[in-house]
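Take a look at the structure below.
The values are calculated or read from the model by the stated rules, or taken from the named source; none is laboratory data. The model shown is predicted, which means the values in this text are computed figures rather than measured ones. Note that we place each Cβ from the backbone using ideal geometry, even for glycine, and neighbour counts take in every protein chain shown.
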Amino acid sequence: MLATGSVPMIGNFVRESLDLHLFFARIMREHAIFLQASFYPKDVTYAQQAEQFKCQYDEILKEALMLSDCTASVEVLKSGELVTNETLRSEQKTQELTGILIDMTLTTEEFRVTQDQGTIPAEIQPQVSELNHKSINLTTSFAKFKAMVLNQVTHCHLATNLFPSQLEHVYREALFYLKVIKRMQNNQFVDGRVDLFEQEVFWGEIMEEHAMFVRHLLDPSEKELCRKARDLARRFEQLEQKMKGEGLPASSFGRLRQENIAATLSIAEFKATGTELLLACQVKSLLSPLLTDHTLREANYYLRILQSWKPGYIGRG
């Protein structure tokens, strides 16, 4: 648990925990929406379980929003990782197309979150710690559900309209969320360079997979967009190979970070354009605007991490 007696440490614990939940609880609830929409009529019980997870993450997000008044990092609020200009419209359109109810009041409330005023009350630390505990339990259950669905699909006992690799993708994101919450809850600090390397390897793979999924969910007639998605996937694949190369010298770390920033800016622009095109009904695909907006927010999250890192910084893992 968090060490007592240190106001700055308590402030960091509260701020970083709530920043994480404002981003990841929304990501998890959207995974539940995508899963719910993916099941066929005979598998209504799986759809109902996904609906329950969606509602439970709504509660996590609602509590994080309540506790985040005047505590959220200004960098997080400006990053576009919590909501974008198209998140609300994307939710509205996805609800219209799927019939799945989405609590859009949480989105409007997230737009209103007030930045850290420099005086985080120490008395909310137990509430944040309890929220972390709830998130750990819920995300452990959700990860097991995703793993079960993936196992059923790969053994041909279940069909969904998601690729098996998409199911594996959302499962790994749940595990990543769990790992970071547990580190915060246990007050574990790691060297910033190691932390960034771990983030780059994880999110670089996620960005590559986003590009591949978009490529395969676009109608084949959308040749230019297909080509751009393929090129972005290759770009991240090459960066991944460099990052995982044996004996990566420290002198290469800064250069690779700049390459990752440039690649992530490119894919963020591609995702933002894709969301706008989908909302305007100007692209043929199996994509939903909420899916592309979702992946855009993940790119924005990764960009903030890449751009905020400084040599010698000691950060939370």
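A few remarks follow.
- Pick from the stretch 43-70, criterion small (G, A, S) and under 29 Å from P126 (Cα atoms), ranking: nearest to the chain's Cα centre (by Cα): A64
- Exactly one residue among K223, K228 is crowded, with 19+ Cβ neighbours inside 10 Å and of a type in the set (K, R), and that residue is K228.
- Scanning the stretch 46-70 for residues that are out of contact with any helix residue (DSSP H, G or I) (no Cβ under 8 Å at 6 or more places or on another chain) and not in a helix (DSSP H, G or I) yields a total of 2.
- Between S135, S221, the distinction of being touching a residue at least 60 places away in the same chain (Cβ under 8 Å), outside any helix (DSSP H, G or I) and among the small types (G, A, S) belongs to S221 only.
- Residue under evaluation E63, criteria (1) surrounded by 20 or more Cβ atoms within 10 Å (Cβ to Cβ); (2) within 21 Å of H133 (Cα to Cα); (3) of a type outside the set (V, I, T), criterion not met: (1)
- Candidate set: the stretch 71-88, residues that are more than 24 Å from L279 (Cα to Cα) and either at pLDDT 95 or above or in a loop (DSSP other than H, G, I, E, B) (or both); chosen: the one nearest to the chain's Cα centre (by Cα): S73
- Test result for E209, touching a Phe, Trp or Tyr at 6+ places or on another chain (Cβ under 9 Å), among the acidic types (D, E) and either in the same structural domain as L239 (by TED's automatic domain parsing) or modelled with pLDDT under 95 (or both): yes
- All positions within the stretch 170-187 that are among the polar types (S, T, N, Q) and either in a helix (DSSP H, G or I) or without any contact (Cβ under 8 Å) to a residue 24 or more places away in the chain (or both): Q185
- Look at the stretch 37-64: where a residue is of a type in the set (V, I, T) and a partner is surrounded by fewer than 17 Cβ atoms within 10 Å (Cβ to Cβ), sitting 6+ places away or on another chain with Cβ atoms under 7 Å, you get I60/K134.
- Members of the stretch 103-121 found to be surrounded by fewer than 15 Cβ atoms within 10 Å (Cβ to Cβ) and either more than 22 Å from the chain's Cα centre (by Cα) or without any contact (Cβ under 8 Å) to a residue 40 or more places away in the chain (or both), listed by number: M104, T105, T108, F111, R112, Q117, G118, T119, P121
- Any hit, the stretch 260-268, residues being in a helix (DSSP H, G or I) and more than 26 Å from E30 (Cα to Cα): yes
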